[in-house]
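**Student:** Could you have a look at this structure, given as structure tokens, before my questions?
The values are calculated or read from the model by the stated rules, or taken from the named source; none is laboratory data. Being a predicted model, the structure only gives us computed values, none of them experimental. Here Cβ is always computed from backbone atoms with ideal geometry, including for glycine, and neighbour counts include all displayed protein chains. The accessibility values were calculated without ligands, DNA or RNA, using every heavy atom of the protein model including side chains. Shrake-Rupley method; radii C 1.70, N 1.55, O 1.52, S 1.80 Å.
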Amino acid sequence: MLAQKLHLLRHNVLSFVSSRTGSDLTRRQYDVIVVGGGHAGTEAAAAAARLGAETLLITQKIMTIGALSCNPSLGGVGKGQLVREVDALDGLCGRAGDSAGVHFSILNRSKGPAVWGPRAQLDRERYRQFIQSELLSTPRLTVLEGSVDELLVSQPNPEEPGHHRVTGIRLVDGSHPILSSSVVLTTGTFLSGSLFMGQTTSPGGRMGDAQSCAGLSYTLKETLGLRVGRLRTGTPPRIVKESVDLSLAQLQAPDKQPTPFSFLNTHTRCKPEEQLPCYLTHTTPGVERVVRESVHLNCHIQQDAKGPRYCPSIESRVLRFPGRRHQVWLEPEGLTSDLLYPQGLSMTMPPELQLRLLREIPALHRAEIRTPGYGVQYDFVCPTQLTPSLQVKSTQGLFLAGQINGTTGYEEAAAQGLWAGVNAGRTALSLPPMALSRTQSYIGVLIDDLVGRGVTEPYRMFTSRAEFRTYLRPDNADLRLTPRGFEEVGCVTLRRYKKAVSVRDGLQEALMALQSVALSSTRWREKLGNISLSENKSTTLNGLDLLQYKDVSFEMLASAFPECLSQYFEYSQRLKIEAVYRPHCEKQSREMERIRSEESLSLPSDMDYLSLPVSLSQEVREILDRVRPNTLGAATRLPGMTPAGIIHLLNYVLRTGQRNRHTEHRNRSSQKEGEKGQLCASNIPISQ
Amino acid sequence: MLPCSWGLWRSAIHTLKTFRASPSARGLCIPTRAVCDAETIFALSSGHGRCGVAVVRVSGPASSMVLRNMAGLTQALPPPRTALLRRITDPQSKELLDRGLVLWFKGPHSFTGEDSAEFHIHGGPAVITAVLQALGSLEGVRPAEAGEFTRRAFHAGKLGLTEVEGLGDLIHAETEAQRRQALRQMDGELGRLYQDWSYRLKRCLAHVEAFIDFSEDELIEDGVLNQVDSSVRQLETEIERHLKDERRGERLRTGVQVVIAGATNAGKSSLLNTLCQRPAAIVSPIAGTTRDIVETSLDIGGFPVLLSDTAGLRDSSDSVEREGVRRARQRVEQADLTLVVVDSTQLPPDPQLVAAFLQEHLSTVLPSPEAGMTAASDRVLLVLNKSDLVPEEQRERTEGELRERPGLPPACFLSCSTSTGLEDFLTVLQSRVKTLCGDPLSGAPSLTQARHRAHLQQSVQALNQYHQYRDQDLALAAEGVRLALTHLGRITGRVGAEEILDIIFRDFCIGK
């Protein structure tokens, strides 16, 4: 009943922007056009609009905006950090997760707060509803249903061959062009996508959706001359819940008290007791047998496109690690859904064999399939052709985000979408583009890895990719990103900013209060009872020192010094985490400073490395010419680059920058991109 | 792969950025604001060989502490820039290392602009090694990376305009020298030991990282961390034992490394025998006689030289000879000076074509085209052997032709069988060796050794952090392993995140 009402409501609200019903309502000129309504596209459109840009989101089907096309979950280890960061920059996915979550848990609870992984199982309907209503209530954002046929670009300036500027798009229905200063492409797996199931192959990027993007592919590859690669991914069959014998699977309960993703939320929409469980089961030798018998009927796994090593289909897992039991998670699809999602059983064999395979697992011995699993192969644009603002180097105003850049995962897509949307908005508003430092956020690590190194398999975030993992924590994403997101970037609303600032000030006060209470270790032992302190009896320790000890909690200190500490109870967990990590973060601060100074020195994108009059070896010249690193920092990470080569390059860039006014101007504006890419130290009261 | 000093130019960037930001900084300005580096560094800054006095420089905030500890200056420091004769002792054992001059330079009136000290000690390798190791044992003091003194001077605005321009070349030269030195040190037993530690440490890190990133979703065996615990403990024990055990340190191959290389039957072994005045290597007219490295220590003009004869370079189907050729190429890469021996009778009879022929020939003998003509020409001598078999007129015309080719390394006609031209060749060789000995970096293995020790010590300290946090906070424990690997990587080569992920995906079935 409730669902039906919401459905009606949504339908009514959405219809007025649909091109079919009201094309005359759509303008012909926007600041930013976002193509695609997935995780990247929705974040991009919302971010651009928050920045103040008139934004148009074009999607094939308005009803699928915010759809979770694969797994019904958000977050995890590394990915949860990304969700927190997107939220800190006022993105959508954190709040959507809090609204749609039906099973919350913090992964890695026992391994240290820096690597905690906030995660939730989601209700697909609720997620979609949240994203759709959020977009519809966003000022300056228009949503249009349609397929883009062509990307409009200016003819290259004869003086700068190969350099284009985006001017807008044209829809498939052949109507008038829609003009804009920036375009964000978030076409996911739809770039020359093909679907695989058994021996059949059909064009498309997702089952049930129209194939498309042929015109776009043409513009990207032929007109703009972008290099593309091919990747593959897949999705498991969806199983009818009733047909599963859950008594044969192991119950996995959620956290008793759900932790919201968003810094704005104190609780989730789903009440603790309403949460749904997950179930764990395992593959059997019978599963392996079915895989082996069906290999010859399975086109997808015989292809050579690169699949991920960490999210492989059950076929490649069994073939790579034979004779093992593999985990299968049976995850709820939502509060009212009658389906289960078998995480770990992504497969591309013919449907009848999929059924046979499932039924080799005891809990699934009577399983029924609602929709079979399938594989997708698609083109991605080699992301080394992008700047750290996610703009295509050769095309002013064209931004790419999500799977089109070779990543996998909702969180990775959302993070890029937000940042591409920010920069598309800034470009349209004639503001300089910005970059995020890898010393300050996982989003920075993600983008730096993509544009600096490129991808050879679908890129997924892991905490092991971050050099400064003990600083890039889920608990402090707001302090790392929100103030700057408001003050410099412009993508954060005042309400969130005020909240972050008050938290920042409160924490700082509390830390000072902790430092102000100092006693000898003997006296501490007397006050707090039997705690083990390694220091000498005479050493004086302050409250912050003491909080580093494993057995000491903020509550204990507050009860010892109620008059000066009890007012900070709300921060007790954050204070404890801060106390433990602060000394380590301080040790790393020199290294962070170094990386930031490298990142801040941009190399002009039109540098002619092959004829640069400096002493560089031919090999180094060719590497630089091929990769065209955006910053000196990226150049140092190139294999084959020498320290002396970097010094020569640096001297050259600075010298020409000072001699040539024109160049100087360009350098400065591109340098700005780098410089803005750092949070200044004053914005980081904690850990610096 | 090699322990290059990346930190060096990075700070240079920092400085350049600083003066770019200043509106008054126009043209290529020299920054006036000294950037204070927290670490104190030291290096041997004199040459070796026939030098009575060696100079060890120290720079950084702990310089005064170093002076107090090692020169027994418990009271006041000496007046700046005044030499003082002191007993120099080991700060830990108080053992007397040498008697020598010490000087104190109060910043900013020093080469680097920082507080600095100099030790002028006796030039013997044992004394130098002892002093360098004693310095490395002090808290907050470490061996300098290549070019680091110059870089600090640059920061402090102590370098002139042309010196700044030359910074890149200087760093190139110093990193190259350090690279060759490290290659020599890493060749053999010690190298295998370090590589093995690095490999095991990488696996430890990969397994901890796998446990952090994947154990919630994947079947990562419970025992994984226990295995890491014992591996880390084992590594700590081994590295500590290595650091304590002085006897097991490999004999340092001191001296200028001169390598004889060239095609088969050019007379390389004859040259070795001629130079060491005894039949150290077997010579025969059969091509491919020498198959392994023949090494001999020599004194050339009073300078220590380690001369190596190598297998003739050719493609061979014989596996023993192929290995000999591989070793020969490796040795050439590590050499301070390469003597490329050419059979004169193979030279084109037209003297005008000889230069091109030799260019071509060098490119097949020397490691890479980059190291070929320009960078390496001061590290290469061409020996045109069997000159007695070439008509005198042709030889003279060829000599004249080659004299006008500055792009080629110096070429000497020589006959090992008649000793004709030997004296001229020895004069050229001696002057090269002398120049090389003046370079404090080439042939100072004790400095490399001190660097290795420092990094190994820091590696062990970092591993302690793993145990300290193992049960409390795995992220911090992992940080300890990461740091240990970074220090070890300074010796064996940097390890990136991708390499760790490769091990994770190889060792575990990550499926979700």
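**Student:** Which order do the peptides B:81-88, A:274-281 come out in when sorted by mean C-beta neighbours inside 10 angstrom, highest first?
**Tutor:** A:274-281, B:81-88
**Student:** Exceeding 18 Å between C-alpha atoms, which entries from my cross-link table qualify? They are B:LYS158/B:LYS434; A:LYS221/A:LYS393; A:LYS79/A:LYS111; B:LYS268/B:LYS386.
**Tutor:** B:LYS158/B:LYS434
**Student:** To continue, here is another question. Under the 0.36 nm per residue contour assumption, what length would be gained going from the current alpha-carbon distance of A:HIS296 and A:SER553 to full extension?
**Tutor:** 86.5 nm
**Student:** Still on this structure: Just by accessible area at a 1.4 angstrom probe, what is the order of B:PHE357, B:PHE508 from largest to smallest?
**Tutor:** B:PHE357, B:PHE508
**Student:** To the nearest µm²/s, what D does Stokes-Einstein give for region A:451-520 at 37 °C and 0.692 mPa s, using the Kirkwood radius over alpha carbon pairs as Rh?
**Tutor:** The diffusion coefficient I find is 217 µm²/s.
**Student:** Follow-up question, since we're still on this one. In nm, give the distance between the simple-model label positions of A:SER502 and B:GLU238, each being 7 Å from the Cα along the Cα-to-Cβ direction.
**Tutor:** 5.7 nm
**Student:** Just reorder B:ARG379, A:ARG109 by solvent-accessible area, largest first, 1.4 Å probe, all chains present.
**Tutor:** My answer, sorted largest first, is A:ARG109, B:ARG379.
**Student:** What FRET efficiency do you get for A:SER589 and B:THR420 if R0 is 45 Å and r is their Cβ-Cβ distance, rounded to the nearest 0.05?
**Tutor:** 0.10
**Student:** Now, a different point. Amide H to amide H under 5 Å from A:LEU191: which residues, 5+ apart in sequence or cross-chain, H placed 1.01 Å off N in plane?
**Tutor:** For A:LEU191, whose amide H was placed from the backbone, the distant partners under 5 Å are A:ASP379.
**Student:** Quick one: Cα centre-to-centre distance for region A:25-100 and region A:236-258, in angstrom?
**Tutor:** 29 Å
**Student:** Can you give the average number of partner chain beta-carbon atoms within 10 Å of each beta-carbon in peptide B:474-484, as a whole number?
**Tutor:** On the way: counts 6, 14, 10, 2, 8, 9, 1, 0, 3, 3, 0.
Taking all residues of B:474-484 together, the mean is 5.
**Student:** To continue, here is another question. Ignore the peptide's own chain and count Cβ atoms of other chains within 10 Å of each Cβ in A:456-467; give me the average, rounded.
**Tutor:** The mean count of partner-chain Cβ atoms within 10 Å per residue comes to 4.
**Student:** What nm distance separates the two modelled labels at B:GLU139 and B:ASP350, each placed 7 Å from Cα along Cα→Cβ?
**Tutor:** Placing both labels 7 Å beyond Cα along the Cβ direction yields 7.4 nm.
**Student:** Extent of region A:494-580 along each principal axis, from alpha carbon coordinates, in Å, largest to smallest?
**Tutor:** Projected onto its principal axes, the Cα set of region A:494-580 covers 49, 23, 17 Å.
**Student:** Please give the contour-minus-distance gain from A:LEU335 to A:GLU509: 0.36 nm per residue of separation, less the Cα-Cα distance, rounded to one decimal in nm.
**Tutor:** 58.4 nm
**Student:** Let me ask another. Are there any helices in chain A, counted as whole DSSP H runs, that stretch 15 Å or more along their axis by Cα and score at least 0.0 on average by Kyte-Doolittle, and if so which?
**Tutor:** Values: long enough: A:2-15 (20 Å, 0.17); A:39-51 (18 Å, 0.32); A:124-136 (18 Å, -1.13); A:410-428 (26 Å, -0.20); A:442-453 (16 Å, 0.95); A:494-516 (33 Å, -0.33); A:572-599 (36 Å, -1.56); A:643-659 (24 Å, 0.16); A:661-676 (22 Å, -2.99).
Flagged H segments are A:2-15, A:39-51, A:442-453, A:643-659.
**Student:** Within 11 Å, Cβ to Cβ, of A:ARG84, how many net charges do the neighbouring residues add up to if Lys/Arg are +1 and Asp/Glu are -1? Don't skip to the end; give the middle numbers.
**Tutor:** Working: positive: A:LYS79, A:ARG473, A:ARG480; negative: A:GLU85, A:ASP87, A:GLU411, A:ASP475, A:ASP478.
Spelling it out: positives minus negatives among the neighbours equals -2.
**Student:** Starting from the Cα of B:GLU396, step 7 Å along the direction of its Cβ; do the same at A:GLN257; then give the gap between the two resulting points in nm.
**Tutor:** Here the modelled spin labels are 10.2 nm apart.
**Student:** For A:ARG523 and A:ARG325, what is the calculated FRET efficiency with R₀ set at 60 Å and r taken between the beta-carbons, to the nearest 0.05?
**Tutor:** 0.60
**Student:** Between A:GLU159 and A:GLU619, what is the FRET efficiency for a Förster distance of 30 Å, r being their Cβ-Cβ separation, to the nearest 0.05?
**Tutor:** Values: r = 30 Å, r/R0 = 1.00.
Once the sixth-power term is evaluated, E becomes 0.50.
**Student:** Decide, for region A:412-474, between rounded, prolate and oblate: order the square roots of the alpha carbon gyration tensor eigenvalues as a ≥ b ≥ c, take rounded if a/c falls under 1.5, and otherwise choose prolate if a/b is larger than b/c, else oblate.
**Tutor:** Prolate, because a/c is 1.5 or more and a/b exceeds b/c.
**Student:** Using only atoms on other chains, find how many Cβ atoms lie within 10 Å of each Cβ of peptide A:108-117 and report the average. Walk me through the numbers before you get to the answer.
**Tutor:** Numbers: counts 7, 1, 4, 11, 10, 2, 7, 9, 1, 4.
Across the residues of A:108-117, the mean count of other-chain Cβ atoms within 10 Å is 6.
**Student:** I need the fraction of alpha carbon pairs in region B:59-103 separated by more than 13 Å, rounded to a whole percent.
**Tutor:** The calculated P(r) of region B:59-103 puts 54 percent of pairs beyond 13 Å.
**Student:** May I pose another question? Tell me the Kirkwood radius of chain A: reciprocal of the mean inverse pair distance over distinct alpha-carbon atoms, in Å. Walk me through the numbers before you get to the answer.
**Tutor:** On the way: mean 1/r = 0.0374 Å⁻¹.
So the Kirkwood estimate lands at 26.8 Å.
**Student:** At a probe size of 1.4 Å, how large is the accessible area of B:MET65, to the nearest 10 Å²?
**Tutor:** We get 60 Å² for B:MET65.
**Student:** Now for a separate question. Given the options A:ASN630, A:ILE595, A:VAL381, identify the residue whose Cα lies farthest towards the positive end of the charge dipole of chain A (+1 on Cβ of Lys, Arg; -1 on Cβ of Asp, Glu).
**Tutor:** Looking along the dipole axis, the top candidate is A:ILE595.
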